Amino acid sequence: MSFLSATLDRVKPSPTIAVTTLANELKAAGKDVIGLGAGEPDFDTPENIKAAAKAAIDAGKTKYTAPDGIPELKKAICEKFKRDNGLDYTPAQVSVGTGGKQILYNALMATLNPGDEVVIPAPYWVSYPDMVLLAGGEPVIAEAGADTAYKLTPEALEAAITPKTKWFIFNSPSNPTGAAYSRAELKALTDVLMKHPHVWVMSDDMYEHLVYDDFEFCTPAEVEPGLYERTLTCNGVSKAYAMTGWRIGYAAGPQPLIAAMRKIQSQSTSNPCSVSQWAAVEALNGTQDFIPANNEVFKRRRDMVVEMLNAAEGITCPTPEGAFYVYPSIEGCIGKSSAGGALIENDEVFAKALLEETGVAVVFGAAFGLSPCFRVSYATSDENLKKACERIQQFCASLS
Ligand SMILES: Cc1ncc(COP(=O)(O)O)c(C=O)c1O
């Protein structure tokens with residue numbers, strides 16, 4: 001019998017690791033590699049947030065806290081939900097965890113029994129299916145392709161729901177596509193959910209503040225108040241406040257679910273870092289002025305990347321509403337050969353050849369459950385992006 005848990009057999013090794021490992025090897029060998037794989041802003045954490053953390057350390061706020069968050073942070077989160085989303089939550093309905101990732105994981109661990117299904121639109125954030133599998137559930141993938149701008153249609157949602165469905169995971173703006181649902185598009189989905197009262201909604205709003213061109217963000221419990229009692233609205237400070245390393249995520253929802261999540265957290269990691277919690281209080285309560293300033297930079301980069309990728313032979317790149325990703329299709333490159341002799345059979349071969357022959361690292365679409373595509377993160381300098389897109393154009397032009 002293996003020493004390792006049988007649960008591990010249910011989880012696949014991350015397909016993104018192959019690309020990252022190869023990129024690191026090439027970098028170590030002295031090759032000029034441009035990484036477009038990072039899922040974090042290249043901006044520094046704002047000064048006021050750093051100052052709040054330093055003050056917390058000096059004030060001795062360095063001890064254990066309540067397992068799922070200090071009252072000051074829970075209060076700031078309630079105010080944020082009211083201010084930004086028109087949602088009323090009490091502190092007892094709020095859970096704070098070590099990153100958005102732990103919040104989602106706690107919620108799945110707290111609710112899934114063997115055989116329970118979780119509907120996940122594809123392309124999806126790589127962790128959703130594996131977190132569901134680790135928690136003993138079954139991911140049910142519902143395709144949202146380029147033909148619908150990577151947005152799930154009500155028909156596809158309806159078709160994916162069965163009597164065993166426990167959760168629907170909704171992520172807008174999306175990692176990996178940047179697609180964000182308008183109020184009308186989301187209402188069409190919540191109308192379907194209203195017909196299935198046994199299905200709960202896990203809304204991952206991690207990229208809420210990263211939307212462009214006056215796009216108006218909305219979240220399921222706000223668009224359909226009838227879903228409030230079975231929705232967990234998840235968010236965090238990682239992306240909008242450039243705080244990925246601080247590890248603070250949070251969610252609000254029905255109190256029994258929040259209590260169950262607290263039970264799991266109290267027996268695993270206990271409270272998230274006390275200093276980071278005080279930094280998050282300042283992030284949510286302090287000035288929000290840098291968000292539009294950062295978004296101007298992101299929007300400019302998005303527009304440049306979309307234009308340059310669409311100018312590459314065989315690539316079609318939709319313009320997404322938010323996040324800092326684009327998800328171009330390489331349909332027009334399939335079946336061709338690269339100058340280095342790689343037959344581009346699928347997006348994994350494309351990404352590997354692109355890296356080996358041009359030094360540009362992207363993540364292939366199969367990792368996110370929808371091919372043939374790749375994900376570009378434009379959370380890097382304009383100069384890097386321009387150079388990388390030129391190399392992608394040259395690579396595509398050299399395919400025969
Ligand atoms: C869609 C989505 N949800 C959740 C997370 C997790 O965020 P955190 O770093 O706060 O754990 C990420 C991070 O990449 C993400 O892209």
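Here is a check on your reading of the model: is Pro254 more than 17 Å from Thr65 (Cα to Cα), away from the ligand (no atom under 16 Å from the Cβ) and in contact (Cβ under 8 Å) with a residue 40 or more places away in the chain? Show your work before the answer.
Working: more than 17 Å from Thr65 (Cα to Cα): yes; away from the ligand (no atom under 16 Å from the Cβ): yes; in contact (Cβ under 8 Å) with a residue 40 or more places away in the chain: yes.
Yes, satisfied.
Considering only the range 194-234, state which residues are among the acidic types (Asp, Glu) and either buried (at least 21 other Cβ atoms within 10 Å of the Cβ) or not assigned by TED's automatic domain parsing to the domain that holds Ala252 (or both).
Initial filter on the range 194-234 (among the acidic types (Asp, Glu)): 204-205, 208, 213-214, 216, 222, 224, 229.
Listed by number, the residues that qualify are Asp204, Asp205, Glu208, Glu222.
Could you check the range 152-169 and list, in sequence order, the residues that are in contact with a helix residue (DSSP H, G or I) (Cβ under 6 Å, 6 or more places away or on another chain) and within 16 Å of the ligand (Cβ to nearest atom)?
Of everything in the range 152-169, just one residue is in contact with a helix residue (DSSP H, G or I) (Cβ under 6 Å, 6 or more places away or on another chain) and within 16 Å of the ligand (Cβ to nearest atom), namely Ile169.
Can you name every residue in the range 1-38 that is modelled with pLDDT of 85 or more and in a loop (DSSP other than H, G, I, E, B)?
Phe3, Leu4, Ser5, Ala6, Val11, Ala29, Gly30, Lys31, Asp32, Val33, Leu36, Gly37 - these are the residues of the range 1-38 that are modelled with pLDDT of 85 or more and in a loop (DSSP other than H, G, I, E, B).
Under the condition of being away from the ligand (no atom under 14 Å from the Cβ) and either of a type in the set (Ser, Thr, Tyr) or touching a Pro at 6+ places or on another chain (Cβ under 6 Å) (or both), which residue from the range 108-122 is nearest to Ile169 (Cα to Cα)?
First, the residues of the range 108-122 that are away from the ligand (no atom under 14 Å from the Cβ): 109-119.
Cutting the leftovers down to either of a type in the set (Ser, Thr, Tyr) or touching a Pro at 6+ places or on another chain (Cβ under 6 Å) (or both) gives us 111, 118.
On the way: Thr111: 13, Val118: 7 Å.
Checking each candidate, the answer is Val118.
Select from the range 261-275 the residues that are more than 11 Å from the ligand (Cβ to nearest atom) and either modelled with pLDDT under 95 or under 21 Å from Asp205 (Cβ atoms) (or both) and list them in ascending order.
Met261, Arg262, Gln265
Filter the range 145-166 down to residues that are of a type in the set (A, V, I, L, M) and without any contact (Cβ under 8 Å) to a residue 40 or more places away in the chain, then give me how many there are. Working first, answer last.
Going residue by residue through the range 145-166, those that are of a type in the set (A, V, I, L, M) are 146, 149, 152, 156-157, 159-161.
Checking the rest, the ones that are also without any contact (Cβ under 8 Å) to a residue 40 or more places away in the chain come to 152, 156-157, 159.
Of the residues in that region, 4 qualify.
Conditions tested, residue by residue: (1) within 13 Å of Gly97 (Cα to Cα); (2) out of contact with any Gly (no Cβ under 9 Å at 6 or more places or on another chain); (3) not in a helix (DSSP H, G or I).
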position: Leu257; (1), (2), (3): no, yes, no
position: Ile264; (1), (2), (3): yes, yes, no
position: Asn271; (1), (2), (3): yes, no, yes
position: Leu284; (1), (2), (3): no, yes, no
position: Glu296; (1), (2), (3): no, yes, no
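Determine whether Leu112 is surrounded by fewer than 20 Cβ atoms within 10 Å (Cβ to Cβ) and under 23 Å from the mean Cα position of the chain (by Cα).
Numbers: surrounded by fewer than 20 Cβ atoms within 10 Å (Cβ to Cβ): no; under 23 Å from the mean Cα position of the chain (by Cα): yes.
For Leu112, the condition - surrounded by fewer than 20 Cβ atoms within 10 Å (Cβ to Cβ) and under 23 Å from the mean Cα position of the chain (by Cα) - is not met.
Of all residues in the range 319-337, how many are over 20 Å from Gln394 (Cα atoms) and surrounded by fewer than 18 Cβ atoms within 10 Å (Cβ to Cβ)? I'd like the intermediate steps shown before the answer.
As a first pass, look at the range 319-337 and keep what is over 20 Å from Gln394 (Cα atoms): 319-325.
So of that shortlist, the ones also surrounded by fewer than 18 Cβ atoms within 10 Å (Cβ to Cβ) come out as 319.
Qualifying residue count for the region: 1.
Among the residues of the range 92-107, is any free of Cβ contacts under 8 Å to residues at least 12 places away in the same chain and more than 16 Å from the ligand (Cβ to nearest atom)? Quick ask: steps written out before the conclusion?
Step one: list which residues in the range 92-107 are free of Cβ contacts under 8 Å to residues at least 12 places away in the same chain, which gives none.
No - not one qualifying residue is present in the range 92-107.
Buried (at least 22 other Cβ atoms within 10 Å of the Cβ), at pLDDT 95 or above and either over 17 Å from Gln93 (Cα atoms) or more than 13 Å from the ligand (Cβ to nearest atom) (or both): does that describe Gly245? So that I can check it myself, show each step before the final result.
On the way: buried (at least 22 other Cβ atoms within 10 Å of the Cβ): no; at pLDDT 95 or above: yes; either over 17 Å from Gln93 (Cα atoms) or more than 13 Å from the ligand (Cβ to nearest atom) (or both): yes.
Spelling it out, it is not the case that Gly245 is buried (at least 22 other Cβ atoms within 10 Å of the Cβ), at pLDDT 95 or above and either over 17 Å from Gln93 (Cα atoms) or more than 13 Å from the ligand (Cβ to nearest atom) (or both).
Kindly indicate whether Lys80 is at pLDDT 95 or above, within 16 Å of the ligand (Cβ to nearest atom) and surrounded by 19 or more Cβ atoms within 10 Å (Cβ to Cβ).
Working: at pLDDT 95 or above: yes; within 16 Å of the ligand (Cβ to nearest atom): yes; surrounded by 19 or more Cβ atoms within 10 Å (Cβ to Cβ): yes.
Considered against the rule, which asks whether it is at pLDDT 95 or above, within 16 Å of the ligand (Cβ to nearest atom) and surrounded by 19 or more Cβ atoms within 10 Å (Cβ to Cβ), Lys80 comes out as yes.
When you look at Gly340, is it of a type outside the set (S, T, N, Q), surrounded by fewer than 24 Cβ atoms within 10 Å (Cβ to Cβ) and within 23 Å of the chain's Cα centre (by Cα), yes or no? So that I can check it myself, show each step before the final result.
Working: of a type outside the set (S, T, N, Q): yes; surrounded by fewer than 24 Cβ atoms within 10 Å (Cβ to Cβ): yes; within 23 Å of the chain's Cα centre (by Cα): no.
Judged against the criteria, Gly340 is not a match.
I'd like to check something: does the range 150-164 contain any residue that is of a type in the set (S, T, N, Q) and over 28 Å from Val96 (Cβ atoms)?
Our first condition is that a residue be of a type in the set (S, T, N, Q); within the range 150-164, this holds for 153, 162.
Checking which are over 28 Å from Val96 (Cβ atoms) leaves us with 153, 162.
Scanning the range 150-164 turns up at least one residue that is of a type in the set (S, T, N, Q) and over 28 Å from Val96 (Cβ atoms).
Take the residues in the range 39-59 that are crowded, with 18+ Cβ neighbours inside 10 Å and modelled with pLDDT under 95; name whichever of them is nearest to the ligand (Cβ to nearest atom).
If we filter the range 39-59 for residues that are crowded, with 18+ Cβ neighbours inside 10 Å, which is where we start, we get 39, 41, 45-46, 49, 52-53, 56.
Cutting the leftovers down to modelled with pLDDT under 95 gives us 39, 41.
Details: Gly39: 4, Pro41: 11 Å.
Within the range 39-59, the match that is nearest to the ligand (Cβ to nearest atom) is Gly39.
The values are calculated or read from the model by the stated rules, or taken from the named source; none is laboratory data. As the structure is a prediction and not an experimental result, all values here were calculated from the model. When we count neighbours, we look across all protein chains shown, and the Cβ atoms used for this are built from the backbone with ideal geometry, even at glycine.
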